[in-house]
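See structure below.
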Amino acid sequence: MLSPGSGNTVIKSKLISRRMFLLTAAKAVVMVGVIGRLISLQINQATKYKSLSDKNRFREWKLAPERGIIKDFFDQELASNEPLYQAHLIPENVKNLNQLFVRLKGILNISDQRVSYLKRLIKKQKPWEPIIVSDNLDWSDFSKLNLFLHELNGVEPIVSVARTYPDNSSAHILGYVSQISEKDLKTKKYLKELSVPGMTIGKTGLERKLDREIIGKVGFQRYEVNAFGKRIKEIQINEGKAGKSFKTTLDYEIQKYTNDLLIDKAAAVCVMDIYNGDIVSLVSAPTFQPNAFVHGLDKKYWNSLIKDGKKPLTNKAMSGLYPPGSTIKTLVALSALENGTIKPLDTFRCKGKIELHGEKFHCWEKKGHGIVNLRKGIQRSCDVYFYEVARKLGVDRLSKTAKKFGLGKQVLSDFVEERPGVVPNTEWKKKFIGQNWYIGETLHSGIGQGYFQSTPIQLCLMTAQIANGGFKIKPRIIFDKRDNDLRDYLKHKKEKPNEPLPTNLLLKNFNLKPLFEDQNNINLIKDAMFSSSNEPGGTSYRHRIENPNFTFAGKTGSSQIKRFTEAQREAEVKQVDLNYKDRDHALFIAFAPYKDPKYAISVVVEHGGSGGSAAAPIAKKVIKKVLERHDLRQEVNYSQGDSI
């Protein structure tokens with residue numbers, strides 16, 4: 001029999017066992033939790049904490065890719081790169097921004113205005129995204145930055161590259177680069193993966209057209225840093241990939257030469273190979289400094305650009321719209337011949353003006369030109385002759401010919417600044433103005449006035465296609481060693497007119513597109529242009545070149561800005577007597593050499609007065625320079641270049 005004390009012992013024993021069990025279980029739970037957590041930290045989250053550890057130990061910076069080089073036809077660099085020293089800041093690595101900016105102001109001489117801008121920028125973006133404190137440091141400031149780097153947590157010295165241009169002569173056709181904007185990121189999807197602080201993209205011209213291919217691939221640098229963020233050693237570097245380089249058809253020497261001729265003028269010049277469409281020169285004046293846009297434009301300089309009445313930011317060769325004036329008479333005559341409206345020897349009498357439905361239409365020659373046929377009409381640029389021809393031809397047939405020869409549409413592709421111009425006809429006026437066409441407007445169109453609007457590059461293309469015998473060409477500014485089929489074809493036809501085309505040449509020329517019904521009509525226009533420049537009475541006769549190697553055939557033109565009053569006509573007021581803004585634009589088109597044409601040129605001088613006095617002298621000098629360099633152009637190594 002058990003004593004009462006033994007019962008208590010059993011109860012106590014069970015109680016202790018229960019407590020021990022609970023304690024052991026609790027220990028087990030804790031142990032499992034600890035082990036589970038260790039497993040989680042060391043295995044499942046190893047990558048996370050390794051990254052955090054590496055973040056303290058390593059720093060990685062994206063490197064802006066090096067843009068491809070743009071070269072001229074002779075491999076002269078038109079747009080290249082140079083080293084650039086920058087100071088970047090990563091806000092999340094900065095303990096006290098105010099103190100940091102105070103220190104940076106002392107080291108880099110940063111203005112209070114710049115500091116305020118940077119603070120606003122930091123608030124807008126994510127804390128780990130770098131911002132550029134200074135994007136164009138000289139070597140002295142860059143050295144100081146590295147010397148005091150241990151005091152500047154979050155600041156990183158970066159060596160990058162910046163776009164540079166040798167001069168301003170090709171500013172409009174090359175365009176310029178500037179930093180990426182929010183709008184760029186929204187409209188250009190390829191930039192989202194490439195965005196790097198300080199990286200620039202093309203904004204206009206070739207820089208914009210070629211941007212996707214020329215921009216390259218982003219690289220990075222990885223450094224081990226100490227507790228103060230100072231670099232100890234380079235761990236890894238990936239320089240990315242430089243963008244694709246391009247060779248253009250431009251001649252840098254011609255660009256510079258032409259640009260010098262246009263100083264103090266608002267003007268444009270275009271020179272084109274008449275067989276393959278190579279643009280040898282494309283200059284607009286006045287020009288601007290493309291290098292000024294690379295690191296952010298100075299406000300004073302920007303204001304000077306936008307307030308300049310001669311519009312230096314406008315690429316006049318591609319986006320300047322001008323009535324073609326008398327240069328269109330070449331197409332009026334050609335269209336009339338092609339449509340059987342006139343014959344070459346048909347004549348009209350010019351008495352200085354004609355009257356139609358009560359409206360007077362004046363010729364530039366007050367006393368008139370007398371009896372005028374087609375050749376004399378182009379040679380003397382007789383307005384009355386072309387009023388009569390246009391009246392018989394009609395604007396719709398003229399419009400069709402003008403469009404066929406390149407007017408009214410963009411000449412080059414993917415240039416946002418190029419404008420198509422206007423080639424009017426009855427349908428166009430009804431659609432865009434909502435009115436019927438009147439016969440008087442046809443007469444104005446016959447001398448390149450009224451609604452007609454064209455660009456210098458369109459006029460150059462028109463002239464080139466007349467000069468090559470009436471064949472369609474596709475102008476290009478990116479070099480391509482192919483597509484010389486038309487030159488080979490015409491050379492064979494000239495040297496061996498009675499022999500059939502070789503098979504290879506025959507196959508190549510299936511794509512050649514004649515723009516004429518009868519090539520004799522083209523030849524008549526070319527002959528008339530020759531007389532205009534090389535025979536007495538021609539409107540550009542005084543600027544002729546007698547050396548047959550440089551002899552050109554051309555046509556002058558004037559775009560009327562303000563209509564002359566009867567009083568001014570009676571007083572025989574000259575263009576030079578008018579205010580600058582009231583003077584006509586001066587135009588000139590030509591091809592050379594006449595007997596073996598190679599190049600076409602168009603020149604427009606805003607408010608120049610007359611084509612014969614203002615535009616023709618420029619064309620004479622430029623075309624001579626181009627022809628002097630023709631042999632060099634032929635000898636160039638054709639093994640390089642890319643087409644797009």
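Yes/no matrix, rows are residues, columns are (1) touching a His at 6+ places or on another chain (Cβ under 6 Å); (2) closer than 26 Å to residue 249 by Cβ; (3) buried (at least 18 other Cβ atoms within 10 Å of the Cβ):
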residue	(1), (2), (3)
117	no, no, no
143	no, no, no
160	no, no, yes
168	no, yes, yes
174	no, yes, yes
177	no, yes, yes
181	no, no, no
194	no, no, yes
207	no, yes, yes
### Summary
Counted residues in the stretch 567-585 being open to solvent by 90 Å² or more (accessible area, probe 1.4 Å) and among the acidic types (Asp, Glu) come to 3
## Note on the structure
Residue pairs within 6 Å by beta carbon, gap of at least six or interchain, first lying in the stretch 249-274 and among the basic types (Lys, Arg), second buried (at least 22 other Cβ atoms within 10 Å of the Cβ) and not in a helix (DSSP H, G or I), listed first then second, are 256/169; 265/285; 265/605
### Task
Give me a count of the residues in the stretch 428-446 that are surrounded by fewer than 20 Cβ atoms within 10 Å (Cβ to Cβ) and either in contact (Cβ under 8 Å) with a residue 12 or more places away in the chain or within 30 Å of residue 248 (Cβ to Cβ) (or both).
5
### Message
Looking at the stretch 90-118 only, could you name the residues that are β-branched (Val, Ile, Thr) and without any contact (Cβ under 8 Å) to a residue 40 or more places away in the chain?
### Response
102, 110, 115
### Summary
Those helices (runs of 4 or more DSSP H) completely within the stretch 235-351 that have 2 or more residues that are within 24 Å of residue 552 (Cβ to Cβ) and modelled with pLDDT of 95 or more are 252-261, 316-319, 329-338
### Total residues in the stretch 586-605, condition surrounded by 24 or more Cβ atoms within 10 Å (Cβ to Cβ), of a type outside the set (Gly, Ala, Ser) and either out of contact with any helix residue (DSSP H, G or I) (no Cβ under 9 Å at 6 or more places or on another chain) or under 19 Å from residue 558 (Cα atoms) (or both)
8
### Task
State whether the residues of the stretch 436-447 include one that is within 26 Å of residue 172 (Cα to Cα) and in contact with a strand residue (DSSP E or B) (Cβ under 7 Å, 6 or more places away or on another chain).
no
### Residue satisfying condition, being open to solvent by less than 10 Å² (accessible area, probe 1.4 Å), among the aromatic types (Phe, Trp, Tyr), at pLDDT 95 or above and under 30 Å from the mean Cα position of the chain (by Cα), within set 405, 479, 415
405
### Summary
residue 536: passes all of (1) loosely packed, with under 12 Cβ neighbours inside 10 Å; (2) within 33 Å of the chain's Cα centre (by Cα); (3) modelled with pLDDT of 95 or more but (2)
### Task
With respect to residue 379, determine if the residue is under 39 Å from the mean Cα position of the chain (by Cα), at pLDDT 95 or above and assigned to a loop (DSSP other than H, G, I, E, B).
no
### Task
Scan the stretch 342-368 and report the pairs whose first residue is closer than 24 Å to residue 397 by Cα and of a type in the set (Ser, Thr, Tyr) and whose second residue is surrounded by 14 or more Cβ atoms within 10 Å (Cβ to Cβ) and modelled with pLDDT of 95 or more, with Cβ atoms within less than 8 Å and a gap of 6+ or a chain change.
347/372; 347/373
### Query
Limited to the stretch 328-355, what total is found for residues that are open to solvent by 40 Å² or more (accessible area, probe 1.4 Å) and closer than 16 Å to residue 444 by Cβ?
2
### Hey, residue 579 at pLDDT below 95 and either over 25 Å from residue 286 (Cβ atoms) or under 25 Å from the mean Cα position of the chain (by Cα) (or both) or not
no
### Message
Just the residues that are out of contact with any helix residue (DSSP H, G or I) (no Cβ under 9 Å at 6 or more places or on another chain) and surrounded by 12 or more Cβ atoms within 10 Å (Cβ to Cβ), please, taken from the stretch 288-304.
### Response
291, 293, 294, 295, 296, 304
### Task
Being within 26 Å of residue 582 (Cα to Cα) and hydroxyl-bearing (Ser, Thr, Tyr) is the filter here, so list the residues in the stretch 542-564 that pass it.
556, 558, 559
### Task
Answer yes if at least one residue in the stretch 366-377 is open to solvent by 60 Å² or more (accessible area, probe 1.4 Å) and closer than 24 Å to residue 464 by Cα, and no otherwise.
yes
### Query
Do we have any residue at all in the stretch 543-553 that's within 22 Å of residue 336 (Cβ to Cβ), at pLDDT 95 or above and assigned to a strand (DSSP E or B)?
yes
### Query
Which of the residues that make up the stretch 236-273 are acidic (Asp, Glu), open to solvent by 30 Å² or more (accessible area, probe 1.4 Å) and within 30 Å of residue 585 (Cα to Cα)?
253, 260, 264
### Query
What are the residue pairs meeting all of these: first residue in the stretch 63-89, first residue more than 30 Å from residue 109 (Cβ to Cβ) and modelled with pLDDT of 85 or more, second residue of a type in the set (Ser, Thr, Tyr) and in a loop (DSSP other than H, G, I, E, B), Cβ atoms under 8 Å, and 6 or more apart or on different chains?
68/245; 69/245; 70/245; 71/245; 73/249; 78/165; 78/170; 79/165
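The values are calculated or read from the model by the stated rules, or taken from the named source; none is laboratory data. This structure is a prediction, so every number in the text was calculated from the model and none was measured. Every residue, glycine among them, receives a Cβ derived from its backbone with ideal geometry; neighbour counts consider all protein chains shown. For the accessible areas, the whole protein counts, side chains as well, though only heavy atoms, and no ligand, DNA or RNA atoms are used. Shrake-Rupley method; radii C 1.70, N 1.55, O 1.52, S 1.80 Å.
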